[in-house]
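Each value in this text was obtained by applying a stated rule to the coordinates, not by laboratory testing. Since the structure is predicted, the reported quantities are computational estimates derived from the model, not experimental observations. Cβ: placed from backbone, ideal geometry, glycine included. Neighbour counts: every protein chain shown.
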Amino acid sequence: MLHVPVVHSMTNGETVMASADIGAPAERIFQALVTDEVERWWGSADTYRMVDWSADLRISGRWKVTVRTADGRDLPASGDLLDIEAPRRIVQTRAYEWDHPTLGRRQTTVAWLLQPIADGTRVTICHGGFTGLSDAAAEHAEGWGRVLAWLQVYFDAGRLAAA
């Protein structure tokens, strides 16, 4: 069943929470998050696209990504994988390798939680580490909302193509 993307995203100024229900099993979504498949769905022509993603998928492994903005700038980020419980949870540190306008190069922590529900999976993102940077938290809440909407559209398109 095709549904209108509904994403909930909020912040208290220190932590960001975002969630969306996606019509796919947790195992499938997990693969779309931890393999180079992520480059197929993360981004849009008018914002940025993920162009290079890699990870050593183990606790203490490193991950790195580069996104390319609509105007052609490459913006790298990286971090460590703190916990992986396939297909239910990924916890990672994250820091930009450039001077982000509201966050700088501050390291933050992102947790992805995948919970099976009746018609798919509830994906929840908890992104912490914004203490004292409420503008950065608000910006990232909006950004995680976009990311989850892209993920929903990606899986909806796959279901339509298979039908």
In order through region 105-118: 3J(HN,Hα) via Karplus (6.51 cos²θ - 1.76 cosθ + 1.60), integer Hz, x for Gly, Pro = 10, 4, 7, 10, 10, 10, 10, 9, 10, 10, 10, x, 10, 3
Estimated distance in nm for a label pair at Thr93 and Asp36, the labels positioned 7 Å out from Cα along Cα-to-Cβ = 2.7 nm
By the mean-Cβ-within-10 Å protection proxy, highest first, 90-102, 132-144 rank as 132-144, 90-102
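Compute the length gained on full extension between Met10 and Arg105: take 0.36 nm times their separation in residues and subtract their Cα-Cα distance, giving the result in nm to one decimal. Working shown, then result.
Numbers: separation 95, 0.36 × 95 = 34.20 nm, distance 2.20 nm.
Length gained, Met10 through Arg105: 32.0 nm.
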Take the alpha-carbon positions of region 1-91, form their convex hull, and give its projected area averaged over all directions (one quarter of the hull surface) in nm².
-> 7.3 nm²
The helix 134-162 Cα axis meets the longest alpha-carbon principal axis of the chain at an angle in degrees, between 0 and 90 and rounded to 10, of 30 degrees
If a/c stays under 1.5 just call it rounded; otherwise compare a/b with b/c (prolate if a/b is bigger, oblate if not). Do that for region 31-158, with a ≥ b ≥ c from the square roots of the Cα gyration tensor eigenvalues.
-> rounded
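When Asp46, Asp74, Asp80 are ordered from fewest to most other Cβ atoms inside 10 Å of their Cβ, what list results? Let's see the in-between values first.
Working: Asp46 6, Asp74 12, Asp80 17.
The fewest-first ordering by Cβ neighbours comes to Asp46, Asp74, Asp80.
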Got a sec? How would Thr108, Thr35 order by Cβ neighbour count within 10 Å, fewest to most?
-> Thr35, Thr108
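Using the Cα atoms as the points, what is the convex hull volume per residue of region 44-93 in Å³? Write out the running numbers ahead of the final one.
Working: hull volume 3.9 nm³, N = 50.
That works out to 78 Å³ per residue.
Set the Förster radius R0 to 35 Å, insert the Cβ-Cβ distance between Ala86 and Ala45 as r into 1/(1 + (r/R0)^6), and round the FRET efficiency to 0.05.
After rounding to 0.05, the efficiency reads 0.65.
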Would you calculate the separation in nanometres between label points at Glu27 and Ser134, each defined as 7 Å from the Cα along the Cα-to-beta-carbon direction?
-> 4.5 nm
Computed [θ] at 222 nm, helices only, for the chain once each DSSP H run of length n ≥ 4 contributes -39500 (n - 2.57) | -8500 deg cm²/dmol
